[in-house]
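Data first, discussion second: the structure below is written as structure tokens.
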Amino acid sequence: MTATKGLEGIVATTSSISSIVDGVLTYRGYDIDDLAVNATFEETAYLLWFGSLPTTPELQTLQRDLSAFAEVPEQVIAQMKLYPKTANTMAALRSAVSSLALYDEAADDMSREANEIKAVKLQAQIPTLVAALARIRKGLEPVAPREGVSIAENFLYMLWGKQPDIVSVKALDAALVLHADHELNASTFASRVTVATLSDIYSGVTSAIGALKGPLHGGANEAVMKMLEEIGSLEAVEPYIRAKLERREKIMGFGHRVYKNGDPRAKHLMKMSQELGTMKNDTTLYDMSVKIEELITGQKGLKPNVDFYSASVYTQLGIERELFTPIFAISRTSGWTAHILEQYEDNRIIRPRAEYTGMLEQKYVPVDER
Ligand code: ACO
């Protein structure tokens, strides 16, 4: 038995949800480039869950269900108010999502129908939790969700407590489409491993949030923004990056396990970053990001991934850094739950082997003789 570190190149399951072939990402056979400019997040989530784009009545039903489920139990809001204000937002979200299960009597109902309802419910409630966490951290009261609006619009409304502008809603909606699913990424794999024991969907999503939090995965978008803040100006980019590379430190937002010639999602976020900067008459963050890309691609041959330009996009939308990875979680909930439903459909427990590298033939020695 020989281990493959990081399971690189290992094909661990079959899936009909999303694929990456020759650097092209598709959801259910639709190219991400097509969906990014044409589809809404609700259409995308429907596509991931049910395998086809929705008709108008199907989309209306989904939007109605998402609205109906968006409120979260008051006990969960009360618990969130007791979390330390300084807690990591992803850690807080992980706890809050785990709590949701306690107030859902159908949490352990393993029928397909019940799990589909819970997938939609989680998709509706996670944006409410993230907006509430953000407001509670600032000492503000959470804002209740509104009916009849998209997830992107509702999220910004609950976050800011006022009607968001159309440009911000459209930009966030496109970002949600781009982050919705990504084959067997680390957090999706974590969710599938969890539910493959026939544990419930809330446990699967809680595991996924824990995996997404790390800076080598979803946490990279916050690390990118931290870097941009540390650099501070366009002139400071070159010395900062050169020093980091000399110290052989990783530059967050670059590189990818699967894409070696560039992440197809990055160009859409790059364009959005430029457009938002131009609209605000301040392209500093975009210009700094482009300069970093030039240096890293030039010197290391590494290309930006989905996290790199999403940092400047969210900041220019007026969203605080601590919410970047939770927003990723809002979007990826669609993909996680689609994969969980798929795992349940044709389940086998996921239990690989380890190549043992420890000591052999040890003999027990009583404690007073050691
Ligand atoms: N900056 C500098 N060097 C890098 C970077 C980077 N961002 N990424 C990879 N490298 C280098 C490594 O140091 C290594 O060099 P070496 O062979 O000389 O030691 C080589 O490229 C291969 O890198 P690995 O880390 O082994 O590649 P792996 O496939 O295991 O990791 C990963 C992929 C985790 C994405 C990695 O590129 C990374 O850490 N990037 C920064 C974090 C990041 O942006 N994560 C988000 C990924 S996208 C997502 O999850 C949403």
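What the table below lists for this structure:
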| quantity | calculated |
| --- | --- |
| Among (1) without any contact (Cβ under 8 Å) to a residue 12 or more places away in the chain; (2) surrounded by 15 or more Cβ atoms within 10 Å (Cβ to Cβ); (3) closer than 29 Å to VAL24 by Cα; (4) not aliphatic (A, V, I, L, M) - the single one GLU294 does not satisfy | (2) |
| Qualifying residues in segment 12-42 (those that are part of a loop (DSSP other than H, G, I, E, B) and either within 16 Å of the ligand (Cβ to nearest atom) or of a type in the set (Lys, Arg) (or both)) - the one nearest to SER334 (Cα to Cα) | ARG28 |
| Search result, residues across segment 80-118 that are of a type outside the set (D, E, K, R) and in a loop (DSSP other than H, G, I, E, B) | TYR83, PRO84, THR86, ALA87, ASN88, TYR103, ALA106, ALA107, MET110, SER111 |
| Close pairs from segment 175-201: first without any contact (Cβ under 8 Å) to a residue 60 or more places away in the chain, partner within 14 Å of the ligand (Cβ to nearest atom) and assigned to a loop (DSSP other than H, G, I, E, B), Cβ under 6 Å, at least 6 apart | ALA186/HIS217 |
| Test result for ALA171, part of a helix (DSSP H, G or I), away from the ligand (no atom under 16 Å from the Cβ) and closer than 30 Å to LYS267 by Cβ | yes |
| Qualifying residues in segment 174-192 (those that are part of a helix (DSSP H, G or I) and touching a Gly at 6+ places or on another chain (Cβ under 9 Å)) - the one nearest to SER273 (Cα to Cα) | HIS179 |
| Residues of segment 186-209 classified as among the aliphatic types (A, V, I, L, M), out of contact with any Leu (no Cβ under 8 Å at 6 or more places or on another chain) and more than 25 Å from LYS5 (Cα to Cα), total | 1 |
| Selected residue [among the acidic types (Asp, Glu) and closer than 30 Å to GLU113 by Cβ] from GLU342, GLU275 | GLU342 |
| Among (1) within 11 Å of the ligand (Cβ to nearest atom); (2) buried (at least 21 other Cβ atoms within 10 Å of the Cβ); (3) under 22 Å from GLU320 (Cβ atoms) - the single one PHE254 does not satisfy | (3) |
| Yes/no for ARG353 being assigned to a helix (DSSP H, G or I), charged (D, E, K, R) and over 30 Å from GLU246 (Cβ atoms) | no |
| Among the candidates GLU58, GLU43, residue that is touching a Phe, Trp or Tyr at 6+ places or on another chain (Cβ under 9 Å), surrounded by 14 or more Cβ atoms within 10 Å (Cβ to Cβ) and of a type in the set (D, E, K, R) | GLU58 |
| Which listed residue, of ALA91, ALA70, is surrounded by 15 or more Cβ atoms within 10 Å (Cβ to Cβ), under 21 Å from the mean Cα position of the chain (by Cα) and aliphatic (A, V, I, L, M) | ALA70 |
| Filtered residues of segment 221-232 (kept if within 14 Å of the ligand (Cβ to nearest atom) and either among the hydrophobic types (A, V, I, L, M, F, W, C) or not in a helix (DSSP H, G or I) (or both)) | ALA223, VAL224, MET225, MET227, LEU228 |
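Per-residue answers, yes or no, for (1) away from the ligand (no atom under 11 Å from the Cβ); (2) under 14 Å from the mean Cα position of the chain (by Cα); (3) among the acidic types (Asp, Glu):
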{"position": "GLY210", "(1), (2), (3)": "yes, yes, no"}
{"position": "PRO215", "(1), (2), (3)": "no, yes, no"}
{"position": "ARG242", "(1), (2), (3)": "yes, no, no"}
{"position": "GLU246", "(1), (2), (3)": "yes, no, yes"}
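Here's the yes/no breakdown for (1) of a type in the set (Lys, Arg); (2) within 12 Å of the ligand (Cβ to nearest atom); (3) outside any helix (DSSP H, G or I):
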position: LEU234; (1), (2), (3): no, no, yes
position: GLU249; (1), (2), (3): no, yes, yes
position: THR278; (1), (2), (3): no, no, no
position: VAL290; (1), (2), (3): no, no, no
position: GLU293; (1), (2), (3): no, yes, no
position: ASP307; (1), (2), (3): no, yes, no
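Any read-out appearing in this document is the output of simple, stated calculations on the displayed coordinates, not a laboratory observation. Because the structure is predicted, anything quoted here is derived from the model rather than measured. Because the Cβ atoms are built from the backbone with ideal geometry, glycine has one as well, and the counts that use them run over all protein chains shown.
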